Amino acid sequence: MTTKSIPQIHRWRAFAVLAVSFFMTIIDLAIVNTALPTIGRALHFSESNLQWVVTAYAITFGGFLLLGGRAADLLGRRRILMVGLAVFTAASLAAGLATNDGFLIAMRGVQGFGAAVVLPAALSIVMNMFTEGAERNKALGLWGGIGAAGATVGLITGGLLTRYVGWEYIFFLNVPIGAAALLLAPRLVPESRLAGVRRRFDPLGAVTVTGALVLLVYTISNAPQVGWGSARTVTLLAVSAALLPAFVAIEARAAAPLMPLRIFRLPTVAVANAVGLLLGGSFFAFIFIGTLYMQQVLGYSALKAGIAWLAASVTSVALAGVAQKLVTRISAGPVMALGMALIGGGILWATQVPVQGQYWSALAGPFFVVGAGTAFAFIPVSIAGLAGVAEQEAGLASGLLNTSQQLGGAIGVAIASTVAATHLNTLLGEGKPAGVALTGGFHWAFWVCGALALLALPVTAALRRRTAAPASLDGAVAALQAEEAIGDVEEITK
């Protein structure tokens, strides 16, 4: 029985297991943010080492996604999913039991590796369970909505758990969820892999791209602390930059490449990854800077800062269904453009937040607008990033898409942090009060985040031009698929 021949009710049960696994890995990107001061006091972190609780996860998560996706295609997607879940769950338990800073940082790195294995395997199973068209768009729409809400839900959950039961439970929470997913996966989730294909790996390609991505995320994440112009930052960026073209050259000649370069000939995939990079860079950096503003300027507690993001999260979830239907009816490009415009506009609105800001007058509006934007951006990016991809490259495509978003997030947070810190020091040097200087630095960081989001608009315009050309897609097939998708949606809504 193929994955697409499974009865519909069983597909959606399997989807629920996969969605929970995905959600668990996504919220762990943000769940520790509001708990960092508490963790730092409990485990005696130095100020310079505390950011590694976040960075260690981001480095291994972003660095191993491509390798995890390809392993899922070749070795079996359910099998690799379960390996990733086991690693992630065990590392979560160990992180919650940590008694010193070094062990917690190491376990966060292992967690990130587990997440990098889980995420592309889960998304490629979803893609192969549902036929391209309305049903797959519905599934990927829900998937994108989960991704959009995951970061803000992580902030809220982190605040609640830290306040009422202890920071350890932000990690212990994953243990029963991961264990349940491991028990249910063999019963509900179908196995799929490349049938009749020799399991050949590309070790040189794997080493170069994983090394380049890990090194790039590491360097960018640490640049605000050691300086963008420092010898270490410049050297490591140069090494990473040299590894990436080396990887491309290896892939062009490899018999069984880790990332076949032909995947970028699909305009939807190329544009979705470009927009995904800018989406991660703008949205994740906005969350990071916005949380700092609420805690450092307005004096919010971890719990209050987490709850403040509820406006964005609820709005995103509420509009996820609308976004999915729009993609099915009019295509991904215009919806993607709308989402990125809303994110950019909402962040630019936040550049007006004052030193003595009130939530409803200063923050609620930008949060609602950005929340709406995430629904109209994450969902079409998720759908377009897998559109037209062959079954044998589903894991690769999902790993590539998530790599773009995570790499964008690392770059965006690093740039925004540097801009905020630089302007803060300038204002302090001019004798400005600390609150005024902090707010001024955050204003500049918001301008950068908003500009990153708006840079996606010309990229989405390129997608509309390319997909409009007959040479880009088989026009007859695309028209038939569109008619079938619209018919399915109308049938569902009757």
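Summary of values
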| read-out | value |
| --- | --- |
| Hits in segment 254-269 (condition: buried (at least 19 other Cβ atoms within 10 Å of the Cβ) and closer than 23 Å to P380 by Cα) | M259, L266, P267, T268, V269 |
| Pairs where the first residue, in segment 1-23, is of a type in the set (S, T, Y) and the second is modelled with pLDDT under 90 and part of a helix (DSSP H, G or I), C-beta under 8 Å, 6+ apart | T3/N128; T3/M129 |
| In segment 82-117, the residues that are at pLDDT 95 or above and more than 16 Å from V53 (Cα to Cα) | M82, V83, G84, L85, A86, V87, T89, A90 |
| So V217, is it buried (at least 19 other Cβ atoms within 10 Å of the Cβ), on the phi < 0 side of the Ramachandran plot, within 21 Å of the chain's Cα centre (by Cα) and at pLDDT below 85 | yes |
| Qualifying positions in segment 109-146 - surrounded by fewer than 24 Cβ atoms within 10 Å (Cβ to Cβ), of a type outside the set (A, V, I, L, M, F, W, C) and on the phi < 0 side of the Ramachandran plot | G109, N128, T131, E132, E135, R136, K138 |
| Meets criteria (closer than 30 Å to E191 by Cα and in a loop (DSSP other than H, G, I, E, B)) for A387 | yes |
| Qualifying residue in segment 274-289 (condition: modelled with pLDDT of 90 or more, of a type in the set (A, V, I, L, M) and surrounded by fewer than 22 Cβ atoms within 10 Å (Cβ to Cβ)) | yes |
| Test: residue in segment 278-291 that is closer than 19 Å to A387 by Cα and touching a residue at least 40 places away in the same chain (Cβ under 8 Å) | yes |
| Residue within segment 160-179 that is over 26 Å from L303 (Cα atoms), among the aliphatic types (A, V, I, L, M), modelled with pLDDT of 90 or more and surrounded by fewer than 24 Cβ atoms within 10 Å (Cβ to Cβ) present | yes |
| Residue within segment 370-387 that is among the aromatic types (F, W, Y) and either under 30 Å from L216 (Cβ atoms) or at pLDDT below 90 (or both) present | yes |
| Filtered residue count, segment 220-235, keeping only those that are closer than 20 Å to V209 by Cβ and within 24 Å of the chain's Cα centre (by Cα) | 2 |
| Single unsatisfied condition, V234 versus (1) at pLDDT 90 or above; (2) β-branched (V, I, T); (3) surrounded by 15 or more Cβ atoms within 10 Å (Cβ to Cβ) | (3) |
| Subset of segment 27-37 (residues that are β-branched (V, I, T) and either outside any helix (DSSP H, G or I) or at pLDDT 85 or above (or both)) | I27, I31, V32 |
| Residues (of a type in the set (K, R), within 18 Å of the chain's Cα centre (by Cα) and over 14 Å from T25 (Cα atoms)) located in segment 68-116 | none |
| So V118, is it assigned to a helix (DSSP H, G or I) and either among the aromatic types (F, W, Y) or closer than 16 Å to L65 by Cβ (or both) | yes |
| Residue check, I307 of a type in the set (V, I, T) and free of Cβ contacts under 8 Å to residues at least 40 places away in the same chain | no |
| Boolean, T157 is farther than 28 Å from A86 by Cα and either at pLDDT 85 or above or in a loop (DSSP other than H, G, I, E, B) (or both) | no |
| Filter result for the condition that a residue is touching a residue at least 40 places away in the same chain (Cβ under 8 Å), among the small types (G, A, S) and in contact with a Ser or Thr (Cβ under 7 Å, 6 or more places away or on another chain), over G63, G76, G68 | G63 |
| The listed residue being surrounded by fewer than 17 Cβ atoms within 10 Å (Cβ to Cβ) and at pLDDT 95 or above, out of A451, A434, A479, A461 | A451 |
| Residues being surrounded by fewer than 24 Cβ atoms within 10 Å (Cβ to Cβ), among the aromatic types (F, W, Y) and either in contact (Cβ under 8 Å) with a residue 60 or more places away in the chain or part of a helix (DSSP H, G or I) (or both) - total across segment 38-60 | 1 |
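The values are calculated or read from the model by the stated rules, or taken from the named source; none is laboratory data. Here the structure is a predicted model, which is why all the values come from computation and not from measurement. Glycine also receives a Cβ, built like all others from the backbone with ideal geometry; neighbour counts cover every protein chain displayed.
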